[in-house]
Amino acid sequence: MSHVDSPLGRGRGGLANIHMNILIVYATNSGGTYLAGERILKILQGGGHDVEMAEAISVRPSIMKKYNLVIFGSPTWKVGGTEALPQEFMLTLLEQMRRESTSVQRYAAYGCGEKSFTIFCGAVDYIDTVLKGLGARKIVPSLKLDGYYFHLLDNQKIVDKWAGELLKLL
């Protein structure tokens with residue numbers, strides 16, 4: 001089985017199309033990650049799920065346990081001279097989760113970056129590594145967006161397609 005755990009139980013996506021409580025946790029610098037999250041939120045709400053969206057700075061690890069799915073979104077950033085990390089508020093949240101050994105059962109991740117970076121969308125890889133280490137199950141391959149604003153219409157279509165695929169698994 002791949003690193004994406006889609007057989008979660010029963011049904012096509014393993015969740016037998018049950019109503020889900022979903023949290024989108026995002027960090028952003030220029031707003032691209034927020035805008036992508038808004039598109040994901042609308043598609044999942046359109047599928048009948050309760051979806052909330054919150055900035056990483058306002059989320060405590062313990063609150064995430066009440067959600068069936070948590071979607072993490074972050075741009076790739078340079079923190080303290082180290083490239084390919086999540087934006088600092090997401091990085092702080094992930095480190096809190098590690099310290100408290102707090103995980104989520106199921107997650108998905110998306111991020112914005114530039115293919116010109118040494119490591120394209122390294123923040124998404126970082127999120128995957130932390131959550132996998134905490135025992136969380138990724139239910140869909142992570143989404144990596146190149147130059148969100150530079151290719152806005154293409155990226156919006158990519159986000160919509162990814163969110164639609166995610167919706168099919170719920």
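The values are calculated or read from the model by the stated rules, or taken from the named source; none is laboratory data. Keep in mind that what you see is a predicted model, and the values were worked out from it rather than measured. Virtual Cβ from ideal backbone geometry, glycine too; neighbours counted across all protein chains shown. The area values use the complete protein model at the heavy-atom level, side chains included, leaving out ligands, DNA and RNA. Shrake-Rupley method; radii C 1.70, N 1.55, O 1.52, S 1.80 Å.
Values as computed for the structure displayed
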{"read-out": "Hits in the stretch 81-137 - residues which are open to solvent by less than 30 Å² (accessible area, probe 1.4 Å), farther than 20 Å from Val159 by Cα and assigned to a loop (DSSP other than H, G, I, E, B)", "value": "Thr102, Ser103, Val104, Ala136"}
{"read-out": "Lone qualifier among Leu145, Leu131 - being touching a residue at least 40 places away in the same chain (Cβ under 8 Å), closer than 19 Å to Glu88 by Cβ and in contact with a strand residue (DSSP E or B) (Cβ under 6 Å, 6 or more places away or on another chain)", "value": "Leu131"}
{"read-out": "Selection count, the stretch 34-80, where residues are of a type in the set (Val, Ile, Thr) and either under 12 Å from the mean Cα position of the chain (by Cα) or open to solvent by 50 Å² or more (accessible area, probe 1.4 Å) (or both)", "value": "5"}
{"read-out": "Some residue of the stretch 121-133 being β-branched (Val, Ile, Thr) and at pLDDT below 95", "value": "no"}
{"read-out": "Members of the stretch 138-157 found to be open to solvent by 20 Å² or more (accessible area, probe 1.4 Å) and of a type outside the set (S, T, N, Q), listed by number", "value": "Pro141, Lys144, Asp146, Tyr149, Phe150, His151, Leu152, Leu153, Asp154, Lys157"}
{"read-out": "The stretch 48-106, residues that are among the acidic types (Asp, Glu) and modelled with pLDDT of 95 or more", "value": "Asp50, Glu52, Glu55, Glu95"}
{"read-out": "Some residue of the stretch 14-24 being in contact with a strand residue (DSSP E or B) (Cβ under 7 Å, 6 or more places away or on another chain), modelled with pLDDT of 95 or more and exposed (fewer than 14 other Cβ atoms within 10 Å of the Cβ)", "value": "yes"}
{"read-out": "Pair list, Cβ under 6 Å, 6 or more apart: the stretch 52-77 residue touching a residue at least 24 places away in the same chain (Cβ under 8 Å), other residue among the polar types (S, T, N, Q) and in a loop (DSSP other than H, G, I, E, B)", "value": "Pro61/Thr102; Ser74/Gln87; Pro75/Asn29; Pro75/Gln87; Trp77/Gln87"}
